[in-house]
Amino acid sequence: MIRGVRGAITVEVDEETVILDAAERLVKEMIGKNAIIADDVASVFVSVTDDLTSAFPAKVIRLQEGWTYVPVMCMKEIDVPNSLQKCIRIMIHVNTNTAQKDINHIYLERAIQLRPDLKQEN
């Protein structure tokens, strides 16, 4: 069965290295906390808010060992008034037998406010 593993992180500035570092931190935590293997991944969607234009955060996913051939796509998040700014969101579509309630969704920095009900204890 394909399950979605969600994650989000915010950055303070729209700079390439800041965006790529944050995206890498997020994706590594998503992979690690869910024991995701690249061969089990169907695809990955990455979205950014309108105020992030300096880099494609999906780039760091392709650089992970074994992830070269995983289909990855970047897109813009819907620009809703008063929504969280400078935010990178990632959705990994993975083949897994893990129950929906046991998926570890990762929200870092100010993105925790998006889903406080899914906050994982470390």
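Just so you know, all these numbers are worked out from the coordinates, no wet-lab data involved. The model shown is predicted, which means the values in this text are computed figures rather than measured ones. Because the Cβ atoms are built from the backbone with ideal geometry, glycine has one as well, and the counts that use them run over all protein chains shown.
Note: relative contact order over the chain, using C-alpha pairs below 8 Å and six or more positions apart, is 41 percent. Shape class of the chain from the Cα gyration tensor (axes a ≥ b ≥ c, square roots of the eigenvalues): oblate, since a/c reaches 1.5 or more and a/b does not exceed b/c. Coupling constants for region 74-86 follow from the phi torsions by the Karplus curve (6.51 cos²θ - 1.76 cosθ + 1.60, θ = phi - 60°), and in residue order they are 9, 7, 8, 6, 4, 8, 8, x, 6, 7, 4, 9, 6 Hz; glycine and proline get x. Within the chain, DSSP assigns beta bridges of which about 70% are antiparallel (rounded to the nearest 5).
Site-free segments of the chain were taken between GluC sites (Glu not before Pro) in DSSP loops having at most 11 other Cβ atoms within 10 Å, sites themselves excluded; the longest one is 66-120.
Sites listed here are chymotrypsin sites (Phe, Trp or Tyr not before Pro) in region 1-83 whose DSSP assignment is loop and whose Cβ has at most 15 other Cβ atoms within 10 Å: 69. Specify the angular offset, from 0 to 90 degrees and rounded to the nearest 10, of the alpha carbon long axis of helix 16-34 from the longest principal axis of the alpha carbons in the chain. Helix 16-34 sits at roughly 30 degrees to that axis.
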